[in-house]
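J.: Handing you this structure, nothing more for now.
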Amino acid sequence: LMASGSNRSSSCDGRSSIGGPMTASGARRHLLRLLTATVATAAACALCPAAQPRQVTERIHLAFCGAAPRSRLPSAVGTSSRRGTLVVYPRRHKSQRPSRVAAAGLGAIWASSGVGPVVASTWARLAPIPPFSWADWIFDRFQKAPKLYKYYIYYVIINAATKALVPGLHAQVVTGTQLGVLKVVSQDRYNDAVSTRLKTLLQKQAQLRSGSKFGQPPAQLPATVVEQVDARLKADPVLMEALGSTSALKIWHKFEKTLLDDPALLKDEAPDSQARWILEALRSGYLDDLQEAARSGATQLASKKAAQALTTLKEAVDNAELLAHNGIFEDAGVSSLADVEKASTAASAALEALEQARAHDPQGAELLSRQRQAFVEKLTTLVQAHAAVPAVIDQLTRLEAAGATAL
């Protein structure tokens, strides 16, 4: 403080900033500046113990006296007639030593625990062996990939994990955002997107009801049912808005995995909740069509099984006929008749299942009539197209006679 005061007195020389003698008010301002400089010096020393007192004194002297010793000032970047030279001090960079020390400490703990060397040696033995070598190659490629590719891979992994772990939240965030954007852009696009989601849901419900096993073709909704669903939903704007709400998106994954008429579905929801209302609306408006479509799908599946079984039976009979015609007979257990017996049993079971499916299908007779009509029209087209080739016409005539017998 005394040094600062002496420097102030020697440099200012008891005169005002304009060169005249110091008045009483000037003395008071001078004293106030000295006190302010003292407080600033104490605060700077308390907050920055590593700061140099000489630099602090020079800055205070520059601020209040208008100049500083030239030997202690760095290069100036600007001047002022009342405040002297403006000094720019270089910014100090934060030290990275604490982070390095922490990393070194973790590495030491990893090495001293004994786990690190064991893991490193184990990986060194497994790395050359597939599939570990593939994983090492993928990791190396990932490390060398551009940042854009890395960010995309991160997005794909996080998106898949979120969809698997929290499907409701994922649908609310991702699908809800997409539907919101479509609604702002065009109401028709929003309606088409919601309608597509409902048709996909009913398709999955039909597959759940058909109980198709692995290797079997999944049940498909008839085109007429799909058209009816689309028209009915677009005619109901209240349900359209409800199916695009966050309440519907939150429980949509449950609709895709559980039958709509399952009593346990949404049993924890309040009776007056929007989710419960959506479920009841789907049950009352689309469950009958879904059951009808499931029965029609079962009939079509049974038809395909019966057709495949009859084809196999015909191949077995043709093979046995060829052998018998050439006088080739084998033991009954290993002869071609064994294949005929197996194929005939499967064909009989498939035809009986088809008859039962048609009996339980309210539209079975109508579906059979449409299929017969399509068969006749296609056969007529083929006959007209190959009328100039007698050999082809003979085979088509035989097929036409078979179709007329079935009709």
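The values are calculated or read from the model by the stated rules, or taken from the named source; none is laboratory data. Being a predicted model, the structure only gives us computed values, none of them experimental. Positions of Cβ are generated from backbone atoms using ideal geometry, with glycine treated the same way; all protein chains shown enter the neighbour counts. The accessibility values were calculated without ligands, DNA or RNA, using every heavy atom of the protein model including side chains. Shrake-Rupley method; radii C 1.70, N 1.55, O 1.52, S 1.80 Å.
J.: Take the residues in the stretch 136-157 that are open to solvent by less than 100 Å² (accessible area, probe 1.4 Å) and not aliphatic (A, V, I, L, M), then tell me which one is nearest to Arg125 (Cα to Cα).
T.: The qualifying residue nearest to Arg125 (Cα to Cα) is Asp136.
J.: If you scan the stretch 185-209, which residues turn out to be without any contact (Cβ under 8 Å) to a residue 24 or more places away in the chain, under 21 Å from Lys250 (Cα atoms) and open to solvent by 40 Å² or more (accessible area, probe 1.4 Å)?
T.: Asp192, Thr196, Thr200
J.: Pairs, please: C-beta under 9 Å, at least 6 apart or cross-chain, first residue farther than 27 Å from Val156 by Cβ and in the stretch 121-142, second assigned to a helix (DSSP H, G or I)?
T.: Note: pairs meeting the criteria are Pro128/Asp136.
J.: Which residue, of Asp288, Asp230, is assigned to a helix (DSSP H, G or I), open to solvent by 20 Å² or more (accessible area, probe 1.4 Å), farther than 30 Å from Ala338 by Cα and touching a helix residue (DSSP H, G or I) at 6+ places or on another chain (Cβ under 8 Å)?
T.: The conditions single out Asp230.
J.: Going through Lys254, Lys267 one at a time, which residue ends up being part of a loop (DSSP other than H, G, I, E, B), over 25 Å from Ser186 (Cα atoms) and free of Cβ contacts under 8 Å to residues at least 24 places away in the same chain?
T.: None of the others qualify; the one that does is Lys267.
J.: Also, I was wondering about something else. Would you check if Ala281 is part of a helix (DSSP H, G or I), crowded, with 19+ Cβ neighbours inside 10 Å and at pLDDT 85 or above?
T.: no
J.: Exactly one condition in (1) within 21 Å of the chain's Cα centre (by Cα); (2) open to solvent by less than 40 Å² (accessible area, probe 1.4 Å); (3) touching a residue at least 12 places away in the same chain (Cβ under 8 Å); (4) under 19 Å from Lys250 (Cβ atoms) is false for Val174; which is it?
T.: Against the list (1) within 21 Å of the chain's Cα centre (by Cα); (2) open to solvent by less than 40 Å² (accessible area, probe 1.4 Å); (3) touching a residue at least 12 places away in the same chain (Cβ under 8 Å); (4) under 19 Å from Lys250 (Cβ atoms), Val174 comes up short only on (2).
J.: Any chance the stretch 376-385 includes a residue that's in contact (Cβ under 8 Å) with a residue 24 or more places away in the chain and more than 30 Å from Leu323 (Cβ to Cβ)?
T.: yes
J.: Let me ask something additional. Looking at the stretch 233-292, which of its residues are closer than 14 Å to Leu202 by Cα, under 29 Å from the mean Cα position of the chain (by Cα) and among the hydroxyl-bearing types (Ser, Thr, Tyr)?
T.: Scanning the stretch 233-292 gives Thr258, Tyr286.
J.: Further question: Suppose the filter is of a type in the set (A, V, I, L, M, F, W, C), open to solvent by less than 80 Å² (accessible area, probe 1.4 Å) and either under 16 Å from Trp252 (Cβ atoms) or more than 21 Å from the chain's Cα centre (by Cα) (or both); does Ala160 pass it?
T.: no
J.: Conditions: (1) more than 25 Å from Leu351 (Cβ to Cβ); (2) in contact with a Leu (Cβ under 9 Å, 6 or more places away or on another chain); (3) touching a residue at least 12 places away in the same chain (Cβ under 8 Å). Thr299 meets all but one. Number of the miss?
T.: (1)
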